[in-house]
Amino acid sequence: MKTEETFVPGLKGVIACETGISLLDTEREKINIRGHDLIDLSQKKTYADMVYLLLEGSLPDDSEREKLEKKLKAHYDVPANVTEVLEMLPEHTHAMDGQRTAISVLAGYDERIDDRSTSVNKERAYELLGQLPAITVNSYRILHGKEPVKPNPELSYSANFLYMITGKEPTEREEEIFDSSLLLYSEHEMPNSTFTSRVIASTNSDMYGALSGAVASLKGNLHGGANEAVMHMLKETDSVSGFEQLMKTKLEKKEKIMGFGHRVYMNRMDPRALVMKESLKQLCDIKGDNTLLEMCEAGEDIMKEEKGLYPNLDYYAAPVYWMLGVPIPLYTPIFFSSRAAGLCAHIIEQHDNNRLFRPRVKYTGKELE
Ligand SMILES: CC(=O)SCCNC(=O)CCNC(=O)[C@H](O)C(C)(C)COP(=O)(O)OP(=O)(O)OC[C@H]1O[C@@H](n2cnc3c(N)ncnc32)[C@H](O)[C@@H]1OP(=O)(O)O
Ligand SMILES: O=C([O-])CC(=O)C(=O)O
């Protein structure tokens, strides 16, 4: 094999593995999650349903959903040592790094850490998903000098997550919108973070290590970190004309505009972004102030006209989180919490049918003397 013949920068279009979990079906313009259209799921199902679909392979019936919710809630509490470790982190630590550290600490509590069987891996995934709202919110709170907050098991999984973030019980509409953001973020075929987690899992390393690597991958602003970057950009101005000017200046300076473009959807809008745009409209209507929506739409028009680029999910998820009262440093950790469902499914699939990832290089160094 001549390695230069198979070299594709950024692995664009390269098939990395076989999976039964999801596919970005570009021909049918659908996101296929185990045979279900993600956008359809976002209209009819909840994040808990998605967790079940991703980990068990089919949608739950009512009693299965009830059992799942109970199981997640049974794991809400996080060992006290995790909190203590978070308290020792330097104050400028990002919540993503807090989240990554907490997941690493949890590995030490797993008495079956060397067991990679499907059943144990699944139990481990449910436990982690139960713990993630507290890990996520409390990483942020501790790093910002606030007292950790306790989960409220009386609320649904998503309502509790949002309650822990904002300190107040969400309205039904707020809960639905937050839940649908989690569902939309939960799985997306083979992004960098999923690839990272599968590469780590392929050495027979454990789920905590594979997830910690995925947090690090997702933190970058070319991936999950873009949702925070979008909100910082929107906050630089408070008017439509100001935002238009800001975008034009950035484009003149050849800067990348966060929240636009996608490795797979380069010529059209990410279908998930359309759902979040609708949620933003509803939140703006409730508030009686459309400014944020109008700013986003103006940005969308400029990018279409100037670059032929369209919004990805992060572009509209960011202002939705802002309207829901979510602090900006929690946007990417929330993305990770939700994505952990898809990541765990991929790690389990990798462990179940493993082949070590070990590619080759196109060597550009000195010849042997
Ligand atoms: C949920 C998610 O993780 S979605 C992704 C979130 N990330 C972002 O929003 C960050 C901004 N977007 C980007 O950086 C890119 O579009 C990526 C990383 C998502 C995809 O990257 P790639 O597939 O490698 O495309 P690449 O970066 O090579 O872009 C192709 C061309 O479009 C341009 N382009 C792509 N995205 C943008 C953007 N957001 N702003 C300005 N120009 C862009 C590039 O400059 C490049 O132009 P050139 O050919 O003239 O050099
Ligand atoms: O698919 C990708 O490369 C990035 C993305 O949109 C996601 O992870 O949700």
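The values are calculated or read from the model by the stated rules, or taken from the named source; none is laboratory data. Computed from a predicted structure; not experimentally measured. As a convention, Cβ positions derive from the backbone with ideal geometry for all residues, glycine included, and neighbour counts pool all protein chains shown. Heavy atoms of the whole protein, side chains included, go into the accessibility calculation; ligands, DNA and RNA do not. Shrake-Rupley method; radii C 1.70, N 1.55, O 1.52, S 1.80 Å.
Below is a table of values for the structure above.
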quantity: Separation of the residue 5 and residue 235 label points, Cα + 7 Å toward Cβ, nm; calculated: 5.3
quantity: Accessible area (Å², per residue) of the stretch 302-369, counting only protein heavy atoms and a probe of 1.4 Å; calculated: 49
quantity: Whole-angstrom gap from the stretch 1-72 to the stretch 81-154, using each part's C-alpha centre; calculated: 24
quantity: Nearby lysines by direct alpha-carbon distance to residue 287 (threshold 20 angstrom, same-chain neighbours under 8 apart not counted); calculated: 168, 235, 277
quantity: Sequence-distant aspartates and glutamates (8 or more away, or on other chains) whose Cα lies within less than 12 Å of residue 70; calculated: 127, 154
quantity: Full-extension gain in nm, residue 80 to residue 63, via 0.36 nm per residue minus C-alpha separation; calculated: 2.9 nm
quantity: Solvent-accessible area, 1.4 Å probe, carbon plus sulfur percent, for the stretch 264-347; calculated: 47
quantity: Under 17 Å from the residue 252 label point (7 Å along Cα→beta-carbon), backbone N, the stretch 295-318; calculated: 302-303, 306-307
quantity: Sites residue 154 and residue 369, calculated FRET efficiency, Cβ-Cβ separation with R0 56 Å, nearest 0.05; calculated: 0.20
quantity: Filter on 12/362; 219/248; 67/122 - keep pairs with C-alpha separation over 19 Å; calculated: 219/248
quantity: Sequence-separation-based contact order of the chain, relative, with Cα cut under 8 Å and 6+ spacing, percent; calculated: 23
quantity: Accessible area in the full protein assembly, largest first, 1.4 Å probe, for 59, 24; calculated: 59, 24
quantity: Computed [θ] at 222 nm, helices only, for the chain once each DSSP H run of length n ≥ 4 contributes -39500 (n - 2.57); calculated: -18500 deg cm²/dmol
quantity: Trypsin sites (Lys or Arg not before Pro) within the stretch 148-230: DSSP coil, no more than 11 neighbouring Cβ in 10 Å; calculated: 168
quantity: Spatially proximal aspartates and glutamates relative to residue 254 (Cα-Cα < 12 Å; intrachain offsets below 8 disregarded); calculated: 306
quantity: Under 13 Å from the residue 14 label point (7 Å along Cα→beta-carbon), backbone N, the stretch 193-227; calculated: 195-196, 199
quantity: Loop-located chymotrypsin sites (Phe, Trp or Tyr not before Pro) in the stretch 314-369, at most 11 other Cβ atoms within 10 Å (DSSP); calculated: 363
quantity: Contour excess over end-to-end distance, with Cα ends at residue 358 and residue 290 and 0.36 nm allotted per residue; calculated: 19.5 nm
quantity: Where the stretch 1-101 is the region considered: accessible area per residue in Å², 1.4 Å probe; calculated: 61
quantity: Exposure of residue 289 as accessible area (Å², to 10), given a probe of 1.4 Å and all protein chains; calculated: 60
quantity: Per residue value of the accessible surface for the stretch 153-219 (all protein chains in place, 1.4 Å probe), Å²; calculated: 33
quantity: Nearest-10 value in Å² for the accessible area of residue 91, using the 1.4 Å probe; calculated: 140
quantity: Gain upon complete extension [residue 23, residue 118; 0.36 nm per residue less C-alpha separation]; calculated: 32.0 nm
quantity: Accessible surface of the stretch 150-218 [probe 1.4 Å, protein heavy atoms]: carbon and sulfur percent; calculated: 49
quantity: Accessible-area value, residue 203, 1.4 Å probe, nucleic acids and ligands omitted, Å²; calculated: 80
